[in-house]
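The values are calculated or read from the model by the stated rules, or taken from the named source; none is laboratory data. The structure presented is a predicted model; accordingly, all values stated were derived computationally and were not measured. Positions of Cβ are generated from backbone atoms using ideal geometry, with glycine treated the same way; all protein chains shown enter the neighbour counts.
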Amino acid sequence: MQFLSIDTGLFLEKLTMVAVVVFALLGIALYTTFAERKVAGFMQDRYGPNRAGPFGLLQPLADGVKLFFKEELIPLASNRVLFILGPFVAMFTALITGAVVPWGSELEVFGRKVSLTIANPDIGILYVFAVVSLGVFGIMIGGWASNNKFSLLAAIRGASQIISYELAMGLSLIALLMVTGTMSLCDIVQQQMTGSWGGLLGWNIFVQPLGFLIFLTCVFAECNRTPFDLPEAESELNMGYHQEYSSLKLGFFLFAEYVNMIVSSAVVSTLFFGGYDIPFVDEASLAVQIGANLTAILGTLMLLAKIVFFLFLFMWIRWTIPRFRYDQLMQLGWKKLLPLALANMLITGAVILLMNR
Amino acid sequence: MNTSHLLFWFLTALSILSALMMVTSRNPVHSVLWLVLVFFSISGHYILLNAQFLAIVNMIVYAGAIMVLFLFVIMLMNTQSDAEPHHGNRMRLAGTLAGGSLLLVLVAALRESELRSLQVSAPEGNIGLVARLGSILFTDYVVPFELSSVLFLSAMVGAVMIGKRH
């Protein structure tokens, strides 16, 4: 079937993938907010939400309904169009990174091979990087359009923080790229699947441990998570860049943070922890035993398990480490992480050169 | 008319429209955001030409870095309309004349160029892909490449020197 020289099957397939990924991201984000409060309760030796439904499982729905029914306020002195645009941009940039993450290998549906990656461009990592750098716009537009000093300050803080940590992030990625020799996320996962112990030793974390630490720190900063949540430092800025927001627009901003966390966890798992690679298992022989489809689904579940682990790490750190002061944050970014990432890059380059001799 | 054509016309209309909006917007923040949209649509054109690397770098550098700095500056400046210097009609006339003559020169130059007879073979060739581009940059064009990196370095040093407190 051809329409406008597009393969209709492929189109439907990708459309389904997009819908599944978007709804899965939103659904997981919904329950991440719940998990966050439960983990916080656990860390602080209290119960956490436990009233709505069994174990409080309906709490996210209750929160959503609450946000939905809140009165929607748009400040008179605000820039109306941009005020509405801000949360949408934040949500949009949070979601579109999911397009290049390989969520699994291949499924066979109705005789078609369906790749579980929405798009596998030649420049996958750079795409992630571009979207991260666009993530600033949501915060900046929202903060500025609110026409509020605190919002503007928070937005500028957030933007300068994201720009500062982007550098170290990019440099740690360059070291990783020198090892992998490809920018396609699918190829990077495929490379990590080979190696002893069912691919475990092929994981990039063992090749680039320092790069991983730098990358993870930068991810925390990019997601505005504690200890880097300066844009939302409520003790200094009342609430942060979304102070003037209410109702669902506030929900979008808060939700975008969780979507960002999930997507970043997926990217970290993909780059350093083998993506959908099942540790201690050789996927090729497993596929012969239980079928390719089941293996693919198991791989996707494995990726989800890795994502859940990183989400827990996000929360663990949030509820144990206090917030940095702003100058400490900048010092860490520019004077520690950046030189460290540069050194990591140089050492990686030297080792690659020596090993090729 | 196939998909490439459809996308091409869509992106062209989008880029021209957003460029016009960028120039005519009264609010400088709106201008910056329209300009970001221009960069997006130009990136789309690059992708149509199979120059993925160029497209994404255009987005990272221009939309992601430079425009954010623009936003910074504009948001921190007080850009209320009553505080702006008022331009008289003479200034407007001079601006229109200058812009019009630039347009005339550009159109005249493009009219005689070979651009009209050039056929762009859309998603073919792999020169825009990263591996090919990198090997070309580091073999055929290594001297200009290194020279431009020295240029960037000196610009960076200059920026640090200007920003330094005395």
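Residue pairs whose Cβ atoms lie under 9 Å apart, separated by 6 or more positions or on different chains, with the first residue in the range A:258-286 and crowded, with 24+ Cβ neighbours inside 10 Å and the second basic (Lys, Arg) and in a loop (DSSP other than H, G, I, E, B), are A:260/A:225; A:261/A:225. Taking the range B:74-108 as the range and being loosely packed, with under 11 Cβ neighbours inside 10 Å, at pLDDT below 85 and of a type outside the set (D, E, K, R) as the test, the residues that pass are B:77, B:78, B:80, B:81, B:83, B:85, B:86, B:87, B:88, B:89. Just one of the listed residues (A:26, A:95, A:61, A:73) is part of a helix (DSSP H, G or I), touching a residue at least 40 places away in the same chain (Cβ under 8 Å) and farther than 30 Å from residue B:4 by Cβ, namely A:26. Scanning the range A:140-163 for residues that are at the interface with chain B (Cβ under 9 Å from one of its Cβ atoms) and within 10 Å of residue A:86 (Cα to Cα) gives A:140, A:141, A:143, A:144, A:145. Contact map, the range A:331-357: first residue buried (at least 16 other Cβ atoms within 10 Å of the Cβ), second residue outside any helix (DSSP H, G or I), Cβ cut-off under 8 Å, separation 6 or more or different chains; pairs are A:332/A:324; A:344/A:208; A:348/A:208.
Applying the selection to the range B:47-68, what residues are more than 11 Å from every other protein chain (Cβ to nearest Cβ) and touching a Gly at 6+ places or on another chain (Cβ under 8 Å)? Correct list: B:49 only.
Among residues of the range A:99-139 being within 14 Å of chain B (Cβ to nearest Cβ), hydrophobic (A, V, I, L, M, F, W, C) and more than 16 Å from residue A:183 (Cβ to Cβ), the one that is surrounded by the most Cβ atoms within 10 Å (Cβ to Cβ) is A:139. You will find that of A:164, A:146, the residue that is hydroxyl-bearing (Ser, Thr, Tyr), more than 23 Å from residue A:306 (Cβ to Cβ) and touching an Asp or Glu at 6+ places or on another chain (Cβ under 9 Å) is A:146 and no other. In the range A:330-344 there is no residue matching the filter, namely being part of a loop (DSSP other than H, G, I, E, B), more than 21 Å from the chain's Cα centre (by Cα) and within 30 Å of residue A:44 (Cβ to Cβ). Of all the numbered requirements in (1) farther than 19 Å from residue A:270 by Cβ; (2) in a helix (DSSP H, G or I); (3) within 13 Å of chain B (Cβ to nearest Cβ), residue A:170 misses one, and that requirement is (1).
Take residue A:285 and decide whether it is touching a Gly at 6+ places or on another chain (Cβ under 7 Å) and assigned to a helix (DSSP H, G or I). No; evaluated as a whole, the condition is false for this residue.
Filtered by the rule that a residue be more than 19 Å from the chain's Cα centre (by Cα) and either within 12 Å of chain B (Cβ to nearest Cβ) or in a helix (DSSP H, G or I) (or both), the range A:178-195 gives A:178, A:179, A:180, A:181, A:182, A:187, A:190, A:191, A:192, A:193. For residue A:62, the conditions (1) out of contact with any helix residue (DSSP H, G or I) (no Cβ under 8 Å at 6 or more places or on another chain); (2) modelled with pLDDT under 85 all hold with the exception of (2).
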